[in-house]
Amino acid sequence: MGKPKSKSGSSKKVQSQGRQIVPGITISKKNEATVAPELADVLFDLGLKLEEKTDLPVDVQHVLAAIVMSAQAGEIDSEKPVIATDDELVSKLSRYVKVLFEQLGGSEL
């Protein structure tokens, strides 16, 4: 499982260029995700937890996609920081990870 690639820059600039999904993750008008560098380890740790919960080879791209899908469904708060030890978040994301694997067969996102 690889670490996410992140784009750096001031949070003020990132906020003006897109919609905040959760603190540290924004989506641009072109549907491109920007991840703050400080979330790299959190996404990696969530990937490990999701691998355990789903028995699927989850990588950080799957985690990021699951976070975006969950946010778009209104299941997670856009103001609440993402924490790898949040069992409720892991449960919510596991459903979306399973959907991703069902729809894409685990293909690279």
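The values are calculated or read from the model by the stated rules, or taken from the named source; none is laboratory data. Please read these numbers as outputs of a predicted model, since none were measured by experiment. Methodologically, a virtual Cβ is constructed for each residue, glycine included, from the backbone with ideal geometry; neighbour enumeration extends over all protein chains shown.
For Asp55, the conditions (1) on the phi > 0 side of the Ramachandran plot; (2) buried (at least 18 other Cβ atoms within 10 Å of the Cβ); (3) among the charged types (D, E, K, R) all hold with the exception of (2).
A quick yes/no check of all residues on (1) at pLDDT 95 or above; (2) not hydrophobic (A, V, I, L, M, F, W, C):
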{"position": "Met1", "(1), (2)": "no, no"}
{"position": "Lys5", "(1), (2)": "no, yes"}
{"position": "Ser11", "(1), (2)": "no, yes"}
{"position": "Leu48", "(1), (2)": "yes, no"}
{"position": "Ser94", "(1), (2)": "yes, yes"}
{"position": "Ser107", "(1), (2)": "no, yes"}
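If you go through the range 51-72 and keep only what is assigned to a helix (DSSP H, G or I), of a type outside the set (Lys, Arg) and over 17 Å from Val35 (Cβ atoms), you end up with Glu51, Glu52, Thr54. Restricting attention to the range 78-90, the residues being within 12 Å of Leu46 (Cβ to Cβ) and in a helix (DSSP H, G or I) number 3.
Being assigned to a helix (DSSP H, G or I), touching a strand residue (DSSP E or B) at 6+ places or on another chain (Cβ under 8 Å), of a type outside the set (S, T, N, Q) and modelled with pLDDT of 95 or more is the requirement here; does Leu43 meet it?
Here the answer is yes, as Leu43 does meet what is asked.
Being without any contact (Cβ under 8 Å) to a residue 24 or more places away in the chain and not in a helix (DSSP H, G or I) is a property that holds for Glu75. Scanning the range 29-36 turns up at least one residue that is over 10 Å from the mean Cα position of the chain (by Cα), assigned to a loop (DSSP other than H, G, I, E, B) and surrounded by 12 or more Cβ atoms within 10 Å (Cβ to Cβ).
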